[in-house]
1. In the stretch 80-96, what residues are farther than 26 Å from E7 by Cα and either hydrophobic (A, V, I, L, M, F, W, C) or surrounded by 13 or more Cβ atoms within 10 Å (Cβ to Cβ) (or both)?
2. What about L35, is it in a helix (DSSP H, G or I), within 30 Å of K8 (Cα to Cα) and of a type in the set (A, V, I, L, M)?
3. Can you report the number of residues in the stretch 1-31 which are aliphatic (A, V, I, L, M) and within 18 Å of E83 (Cα to Cα)?
4. So in the stretch 6-19, with the set limited to residues that are out of contact with any helix residue (DSSP H, G or I) (no Cβ under 8 Å at 6 or more places or on another chain) and either aliphatic (A, V, I, L, M) or not in a helix (DSSP H, G or I) (or both), which one is farthest from I52 (Cα to Cα)?
5. Quickly run through the stretch 40-79 and pick out the residues that are surrounded by 11 or more Cβ atoms within 10 Å (Cβ to Cβ), over 15 Å from A19 (Cβ atoms) and of a type in the set (A, V, I, L, M).
6. Working only within the stretch 40-70, note down all residues that are of a type in the set (A, V, I, L, M) and under 21 Å from the mean Cα position of the chain (by Cα).
7. Suppose we keep only residues that are exposed (fewer than 13 other Cβ atoms within 10 Å of the Cβ) and within 20 Å of the chain's Cα centre (by Cα) within the stretch 15-39. Which one would you say is farthest from L60 (Cα to Cα)?
8. If the requirement is being assigned to a helix (DSSP H, G or I), over 14 Å from C64 (Cβ atoms), of a type in the set (F, W, Y) and in contact with a Lys or Arg (Cβ under 9 Å, 6 or more places away or on another chain), which of these qualifies: F40, F3?
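Please treat every number below as a calculation from the coordinates, not as lab data. Nothing here was measured: the structure is a model prediction, and the numbers come from that model. No Cβ is skipped: glycine too gets one built from the backbone with ideal geometry, and neighbour counts run over all protein chains shown.
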Amino acid sequence: MLFRQMEKAAKRSILLQRAMALLYISLFFFIATSLLIGIFEILNWIRSWILISFSIIGILMLLCASFFLVMETRLALGAVHDEMKFRLTIDKKFNR
């Protein structure tokens, strides 16, 4: 039981680490897009494909981060379910 919990905790921490990295990367691309809009306006450049590609990359990073967070949530729910099952088994064993 303990090793299974440790394995799930390790998987959860890896998923959370990946999700946080993707969230920070997407935030970078959204901030860069905002800065580029200002720079392009000041310089009077028409480079909309750069702005669109930065925005799309940010959106895709958010999508990937959401996917990892959903996977982590499912692992967390499974871990709670296993702990409750173990606790109920112990209760039945010693309360009779």
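1. F94
2. No; evaluated as a whole, the condition is false for this residue.
3. Within the stretch 1-31, residues that are aliphatic (A, V, I, L, M) and within 18 Å of E83 (Cα to Cα) number 5.
4. Result: M6.
5. I50, L51, I52, I56, I57, I59, A79
6. I56, I57, I59, L60, M61, L62, L63, A65, L69, V70
7. That would be Q17.
8. Only one candidate qualifies: F40.
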